[in-house]
Amino acid sequence: MQLTDSHCHLDFESFDHDRGNVIQRACSSGVSRMVSICTRIRNEPDVRAIAETSESVYYAVGTHPHYAAEEPMATVDELARLAMHPKFVAIGETGLDYHYTKEIAVEQKRSLRIHIEAARRTGLPLIVHSRDADEDMADIMTQEHEKGAFSCVMHCFSSGPQLAKTAVNLGFYLSMSGIVAFPRSQALREIFAAVPVDRILVETDSPYLAPPPFRGKRNEPAHVIHTAKVGAEIFGMSIDDFASQTEENFERLFANACKFRVMP
């Protein structure tokens, strides 16, 4: 059985003392691929270096919505240039977060649209963060998709059923994080259960959101199996079949990357 952690943050400080061991534990646990997400473009060299030195690690670059006002606004040309690296596989994460940073909604929307255009230009999938912004997110994604198709995963999906339906109707994917395994997440599990299983990915968002039995501790890619087990239960599948399905889904979404190979 193999799994892909489609969203983690291996460059974060909490991994500085044992990053190599974290990656090795993941590989030993059957996590054959990890996509490490750069949340500030100026940190791209650090994230790229991890991917270049680790066969199983790939990366994506974008400006997280929390930083949309404090970081220089990304440009399509800049993102497209970075995307030429052979281990760069997606644009983002980008998106809208009104839970903590609604006061910079204007900057977040502008940044999101720039990242969408970069995804169109490169043909790479877009990685989207959405929190407490369901209506605006659905409107923007629908409007932008009408201008020109692009592929997308709604990472760490924990929004409402209407945004889930909109995303699926646009051909997007939803990614399960450890949140889906929390005892109080029954409503979220029901939302996922209504989504076609061929639109599901799994992730850790590590070092955050560790699933049981690691709740309250640092999360890491090896723990994605615990989220996958809950996913298998939601869809009434064996863990082997669910893992195979999410691998197939990942490879379909990321097909245009064509970069899942060892660096020379």
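The values are calculated or read from the model by the stated rules, or taken from the named source; none is laboratory data. Keep in mind it's a predicted model, so treat the numbers as computed, not measured. Don't worry about glycine lacking a Cβ; one is built from the backbone with ideal geometry, like all the others, and counts go over all protein chains shown. Just the protein is used for accessible areas: all its heavy atoms, side chains included, with ligands, DNA and RNA removed. Shrake-Rupley method; radii C 1.70, N 1.55, O 1.52, S 1.80 Å.
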Inset, instruction - Scan region 190-201 and give yes if some residue there is on the phi > 0 side of the Ramachandran plot, under 13 Å from the mean Cα position of the chain (by Cα) and surrounded by 21 or more Cβ atoms within 10 Å (Cβ to Cβ), otherwise no. - result: no
Inset, instruction - Enumerate the strands (runs of 3 or more DSSP E) found wholly within region 47-142, keeping only those where 2 or more residues are touching a strand residue (DSSP E or B) at 6+ places or on another chain (Cβ under 6 Å) and farther than 22 Å from F254 by Cβ. - result: 88-97
Inset, instruction - Test A255 against the stated conditions and say whether it is of a type outside the set (S, T, Y) and either within 30 Å of R121 (Cβ to Cβ) or crowded, with 23+ Cβ neighbours inside 10 Å (or both). - result: yes
Legend entry - All positions within region 1-20 that are buried (at least 21 other Cβ atoms within 10 Å of the Cβ) and either in a strand (DSSP E or B) or of a type in the set (D, E, K, R) (or both): L3, T4, D5, S6, H7, C8, D11
Inset, instruction - Name the single residue, out of those in region 21-34 being open to solvent by less than 50 Å² (accessible area, probe 1.4 Å) and part of a helix (DSSP H, G or I), that is nearest to Y208 (Cα to Cα). - result: V22
Inset, instruction - Would you check if V76 is open to solvent by less than 10 Å² (accessible area, probe 1.4 Å) and either among the aliphatic types (A, V, I, L, M) or modelled with pLDDT of 95 or more (or both)? - result: no
